[in-house]
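Q: Sending over a structure as C-alpha cells; questions will come in a sec.
Since every read-out is calculated from the coordinates, none of them should be taken as a lab result. What you are looking at is a predicted structure, and each value in this text was computed from that prediction instead of being measured. In this analysis, Cβ positions are derived from the backbone assuming ideal geometry, glycine residues included, and neighbour counts consider all displayed protein chains.
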Amino acid sequence: MKRILLITAHSDDAEISMGGTLRKLINQGAEVLNVIFAIPSNIETRKKEAIQSADCFGYDVQFASFCEGNHVEDIPYASLIKEIDTIIACFNPDDVFTHWSGDSHQDHRKLSKAVRSSFRKKQVSLYEFEQINQNNNIAANQFHPNIYTDITETMSDKLNMIKYFESQLQGDMSHYLSHATYIGSWRGAQINTKYAETFLLVFSKQQF
C-alpha cells in the first residue's frame, strides 16, 4: 500500500488544489494523511469541516501541534521543520505533496520551504500542487507544471470535498467552486481530457 503525505497550510487547501487526485489515490488503495498546519480563526468549525471531508472520502487528517490560532507565518521556521521531520519519520511516506514554493500566499511559501528543508533527513518523491484559489495573475503565470493528472472521473468528488468547507465558501472566497471547475477544465484541455490537476514534480525517488 502506497503511503501519501499531504502537508498543507490551511484546512481546505488539499481539497481545493488536488481533491481529484486525492480521490484517485484513495481509489487505487493508497493510505493518505493530510496534516494541516494553521487554523487562525473559527477553529472548531474549520477542524470539523476537515474531519467530515476526510471521514466521508476515506483519508486521514491530523492537525499540527501549534495550528490553532496561528498563521504559518507566525510559527518559527525551526519549529515547522522539526514538526515536519517528526511527521515524516512517523508516517514514512512514499510521496509528499505540498504547496508550490512560488505561491502568492505567504503561509504556503513558508510551509513549502520548510518541507524542502526536511529532505536533509529523508528523501521521498516530492510534488508541489497548483493553488487555484489565489487571485494573483503574476504567481499563476509562473507555475509551470510537469505532471498532469486526468481527474475527469473524480471531478465531482473534488467539488463535493470542497463543499464540506462551507465556512470558506462565503464572501471573497465564494468563487472556490467555480474556479475549481474552470481551472480543471483549462488544465484538462491541455492534455485533451475534460478535467485535470497539475503538479510540479520537484524530486523523484523512483529508480529507473
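Q: In square nanometres and to one decimal, what's the mean projected area of the convex hull around the Cα atoms of region 1-140?
A: Working: hull surface 31.6 nm².
Its average projected convex-hull area is 7.9 nm².
Q: Too long at a 19 Å Cα-Cα cut-off: which of 2/205; 48/163; 24/47; 24/121; 82/122?
A: Pairs exceeding the cut-off: 24/47; 24/121.
Q: Next question. Among DSSP beta bridges lying fully in the chain, give the percent that are antiparallel, nearest 5.
A: Values: 8 of 28 bridges.
Of all bridge pairs located within the chain, approximately 30 percent are antiparallel.
Q: Shifting gears a bit: Quick one: divide the alpha-carbon radius of gyration of region 78-193 by 2.2 N^0.38 Å and tell me what you get. Before the final figure, lay out each step's value.
A: On the way: Rg = 15.8 Å, N = 116, 2.2 N^0.38 = 13.4 Å.
Normalised Cα radius of gyration, region 78-193: 1.18.
Q: Please identify the trypsin sites (Lys or Arg not before Pro) of region 77-162 that satisfy two criteria: DSSP loop assignment and at most 12 other Cβ atoms within 10 Å. Which are they? If you can, show how the numbers build up before the last one.
A: Working: sites: 82, 109, 110, 113, 116, 120, 121, 122, 158; in loops: 121, 122.
Filter output for region 77-162: 121.
Q: Write down the Kirkwood hydrodynamic radius of region 59-129, to one decimal in angstroms, obtained as one divided by the mean of 1/r over all alpha carbon pairs. Write down the numbers at each step before the final one.
A: Values: mean 1/r = 0.0793 Å⁻¹.
Result for region 59-129 stands at 12.6 Å.
Q: Which whole number of Å³ per residue matches the convex hull of the alpha-carbon atoms in region 7-46?
A: Numbers: hull volume 2.9 nm³, N = 40.
In region 7-46, the Cα hull volume divided by residue count equals 73 Å³.
Q: Another one. What full-extension length gain, to one decimal in nm, is calculated for residue 79 and residue 55 as 0.36 nm per residue of separation minus the Cα-Cα distance? Could you put the intermediate results ahead of the total?
A: Working: separation 24, 0.36 × 24 = 8.64 nm, distance 2.86 nm.
Gain in length upon complete extension: 5.8 nm.
Q: Calculated FRET efficiency, residue 143 and residue 204, Cβ-Cβ r, R0 25 Å, to nearest 0.05? Present the calculation step by step, with values, prior to reporting the outcome.
A: Numbers: r = 19 Å, r/R0 = 0.75.
Using R0 = 25 Å, I get an efficiency of 0.85.
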